[in-house]
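A short worksheet on the structure shown next.
The values are calculated or read from the model by the stated rules, or taken from the named source; none is laboratory data. This structure is a prediction, so every number in the text was calculated from the model and none was measured. Quick reminder, even Gly has a Cβ in these numbers, built from the backbone with ideal geometry, and neighbours come from all protein chains shown.
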């Protein structure tokens, strides 16, 4: 407030009291100086009533009505006699209609009750200047998705709108959340050197943060009060952390001859963000090429692991691959064990899986059998598979040459074609040698394959005819047995029945108990047999027909059919049943022995053949099989 007083007013009105109210303004000119947008500046004005008794009503009105940027408060007041009042004069440049530049304003004073004299206007001077703001580049910070546990850094460039030097107030810079609460632990803020342009580096941390979206503000303020502060909005989303996945793209070979081998280890990121780290070996024979990796989400990095050293000797070695990464958002170390066995070069470098028993085939059959070769060594293998009987056992497609990389497996198909084997009666066994040699001609593997060649089964038409004749034979046997039973056997039974009817006396009346005891004590006299009973037995004695012979022949025929089809087990069971029903014919025992022979049950076959030769000593077939 300006304290200058009008000397003429003081000298004229102070010496003696006046009977009427008299208005006095102690300042005739108010100078606001420079006021920048947006700002408010206020000055005070002292007014008094130096008259006698009575109140003085005064109105102080700006000469620019209906404007909010130039105000006088209070505009209307009542001043008692001999008292003072303070009036606030305010310039508010934050209002929209406040013009820029220098302004000379007036405060019109109206005091109707004052003594008649000219009341001067109060002059107001002000210069409205354009605001000075801090301009940020960028005006808004979007950090995007930041994986949990990682940090994201951004740099903001600050300038003044009047292009003067910027000097930020470090104590007034702060980071606040949506509610306006300061969050200094969320980020680190570093200020650059002051100048026409000053940089602010902000590093946002997500350690120990919840996985959600964050919105906050970076508030910046200059050391000069006239420069308005600025707030930079920041948006960041905390996403899931990276997840480490490790697998062997090319695994190392455990059996090793000392030469170097290259394995490949794949490192993937199944989480979010970027997986960063490196791979290293803890042994001199374990080296990693391109071990540094930076893997985005869903991507994979392949590192070459070189294993081996000229100083290695025969034995077993252990080591680890150490993988340092930010797995799970934290610094972690994963150790992958490596076991290496250094073997002598003379050891077989391959492993072969093959079933040497080729099974039983007849002459019209062909088959394929699989042979799997696996290279156990770290160096390539070249060789050749040789068959000792290529006329009936050979590699399909002529692919005898074998080339395998380190750890590689390959399957070969062997063709079994018994059509070129010599024809012989009965089952025969044939053998063929399989041999694997390397590129130098050295034998690495050998195995003998065995094939059983059986007689070819009859055609379906022949089997149908045999079954038909078997049914006819069974029907004939059944009819013949019925005729024998209906002929002499039936007549013999009828004669016996009639003789028994004639010889049976009529029942006598019951005797007293005493007579019954006496009769029991006396032996009964022998009575000669009637001639009617003995005559038919002597003259018409029937020929005995074994009812099980037809059953034995049926079982024998059924067993023969199964034997011709190569069903040895079922045929042996049927022949055993036929021999149990009727052991008289030696044919059943002979077929039992042959069936047991094909099943490999040598003891049971020998017993059956010995029994057959005993029942029929002149059987050449039984002696041959025995």
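Only residues that are surrounded by fewer than 14 Cβ atoms within 10 Å (Cβ to Cβ), assigned by TED's automatic domain parsing to the domain that holds residue 26 and in a strand (DSSP E or B) were counted across the range 109-137, and they come to 2. All told, residue 339 meets the bar of being surrounded by fewer than 17 Cβ atoms within 10 Å (Cβ to Cβ) and farther than 30 Å from residue 414 by Cβ. Scanning the range 55-74 for residues that are under 20 Å from residue 38 (Cα atoms) and free of Cβ contacts under 8 Å to residues at least 24 places away in the same chain returns 66, 71. Within the range 78-105, the set of residues being within 22 Å of residue 51 (Cβ to Cβ) and touching a residue at least 24 places away in the same chain (Cβ under 8 Å) comprises 79, 80, 81, 82, 83, 84, 85, 86, 87. Once the range 11-39 is narrowed to residues that are assigned to a loop (DSSP other than H, G, I, E, B) and over 17 Å from residue 56 (Cβ atoms), the residue that is modelled with the highest pLDDT is 28. Of the residues 598, 562, which single one is at pLDDT 60 or above and touching a strand residue (DSSP E or B) at 6+ places or on another chain (Cβ under 9 Å)? The conditions single out 598. I'd like the residue in the range 297-310 that is at pLDDT below 90 and within 23 Å of the chain's Cα centre (by Cα) and, out of all such residues, is surrounded by the fewest Cβ atoms within 10 Å (Cβ to Cβ). Ranking the qualifying residues of the range 297-310, first place goes to 298. Residue-level check: of (1) without any contact (Cβ under 8 Å) to a residue 40 or more places away in the chain; (2) surrounded by fewer than 16 Cβ atoms within 10 Å (Cβ to Cβ); (3) assigned to a strand (DSSP E or B), residue 210 misses just (3). Among the candidates 234, 279, the residue that is assigned by TED's automatic domain parsing to the domain that holds residue 214 and at pLDDT 90 or above is uniquely 234.
The residue pairs whose first member lies in the range 151-171 and is part of a loop (DSSP other than H, G, I, E, B), whose second member is surrounded by 13 or more Cβ atoms within 10 Å (Cβ to Cβ), and whose beta carbons are closer than 6 Å, counting only pairs six or more residues apart or on different chains, are 161/132; 161/133; 161/135; 162/132; 167/194; 167/223; 169/221; 169/223.
Taking the stated definitions as given, is residue 614 farther than 20 Å from residue 455 by Cα and either at pLDDT 75 or above or not in a loop (DSSP other than H, G, I, E, B) (or both)? It is true that residue 614 is farther than 20 Å from residue 455 by Cα and either at pLDDT 75 or above or not in a loop (DSSP other than H, G, I, E, B) (or both). Once the range 214-229 is narrowed to residues that are touching a helix residue (DSSP H, G or I) at 6+ places or on another chain (Cβ under 8 Å) and surrounded by fewer than 18 Cβ atoms within 10 Å (Cβ to Cβ), the residue that is modelled with the highest pLDDT is 219.
Table: residues versus (1) more than 22 Å from residue 250 (Cα to Cα); (2) within 34 Å of the chain's Cα centre (by Cα).
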site	(1), (2)
278	no, yes
285	no, yes
295	no, yes
327	yes, yes
340	no, yes
359	yes, no
365	yes, no
374	no, yes
386	yes, no
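No other residue among 97, 105, 77 is assigned to a strand (DSSP E or B), more than 60 Å from the chain's Cα centre (by Cα), in the same structural domain as residue 42 (by TED's automatic domain parsing) and within 21 Å of residue 35 (Cβ to Cβ) apart from 105.
In the set (1) part of a strand (DSSP E or B); (2) over 28 Å from residue 128 (Cβ atoms), the condition left unmet by residue 72 is number (2).
Please determine, by comparing only the residues of the range 173-182 that are within 47 Å of the chain's Cα centre (by Cα) and surrounded by 13 or more Cβ atoms within 10 Å (Cβ to Cβ), which one is farthest from residue 134 (Cα to Cα). That would be 177.
With respect to residue 333, determine if the residue is without any contact (Cβ under 8 Å) to a residue 12 or more places away in the chain and either out of contact with any helix residue (DSSP H, G or I) (no Cβ under 8 Å at 6 or more places or on another chain) or surrounded by 17 or more Cβ atoms within 10 Å (Cβ to Cβ) (or both). So residue 333 fits the description; yes.
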